[in-house]
1. Build a GNM of the chain with springs between Cα atoms under 10 Å: which of 188, 340, 271 gets the top mean-square fluctuation?
2. Could you tell me the distance between the Cα centroids of the stretch 110-180 and the stretch 200-229, to the nearest Å?
3. With N residues in the chain, what two-decimal value do you get for its Cα radius of gyration over 2.2 N^0.38 Å?
4. When the label point is put 7 Å from the Cα of residue 235 along its Cα-to-beta-carbon vector, which residues of the stretch 171-206 have a backbone N closer than 11 Å?
5. Quick check: the distance between the Cα centres of the stretch 321-366 and the stretch 378-396, to the nearest angstrom?
């Protein structure tokens, strides 16, 4: 889901959610639009990604996915206990409390886990415990975890080309990329731009993954085959959904299982409490690039799984590799460093080098943080006006890291 805006904006060469898309700054006009009333039974499909509709669509995505969704089970729920309370009424910064800042950043779901127990939880915007919300590009970290699980099972070699596992990609630019290059967004595949003009590469891609309801699909796999490289691999960090969805197809091929089944297996490992879903594509496959829908608590449990060191060994080796610094030259890398956090990117996951915190990041404010020093977690599900509201992004990152560091004491 991608939203370009006019007016006051800060354009970055590559954002953390998608390349060459503008970040924005929230205004009072945007807030007024956010709270505007509407009929939930008559949401126009061509406006479902915009205010005020998206705050409803995001937590009812099963109803709006063009090609439907595939089920993800939760067969071994982990009972979450309440622990010592983290006081959200205490000051966050500049006289503003944490809870005031959560409201300010249009947060709908917020969970803090300390020692595996809920120490803070917050809901707003009509969202609550047990409700699903679309993760957008935060979904990508799931494919990173799943691919590395298959790597540790010796079903995938990171240095092998994508075409080795998907022969139908032979002769294509993306087929020449290695699995590791796809994971790290270093494949050279050009980013998608302009998601709202019919015929543009971004608009046509969204038809294939079900975010655009107008336009005839050519097929999800065909769209991946058509992806073009505009730079050499391992030279530039370029964020492209086709990298992620290719990984999803590779995972299916080597495991012999549908991706929603692989997701269900991961849910069993993380202790997910609630059955969820993932968006289908025009081919009937699924899109891990954006399509996972789940509860705030289950998002927290996923990050707990990472924070406690339970993911594959090769996953940690990849995300902790300090040489993966191509993102620092791009807009998102510069933005995160300006917030005080030098960040690298590996295996569909962001990692703050000095803070030792791994995180996932999705459009409109889905951010989950795993403290690798002690296993604690903070997750945020929000309803920003655009993919990456500059001030809201800054507040969410600073707020989450500040809480995690407070829990280290």
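Each value in this text was obtained by applying a stated rule to the coordinates, not by laboratory testing. Remember, it's a predicted structure, so these values are computed and weren't measured experimentally. Counting neighbours? That spans all protein chains shown, and the Cβs are built from the backbone with ideal geometry, glycine included.
1. Residue with maximal mean-square fluctuation among 188, 340, 271: 340.
2. The stretch 110-180 and the stretch 200-229 have Cα centres separated by 21 Å.
3. Its radius of gyration relative to the 2.2 N^0.38 Å reference: 0.90.
4. Inside the label zone: 188.
5. So the two Cα centres are separated by 15 Å.
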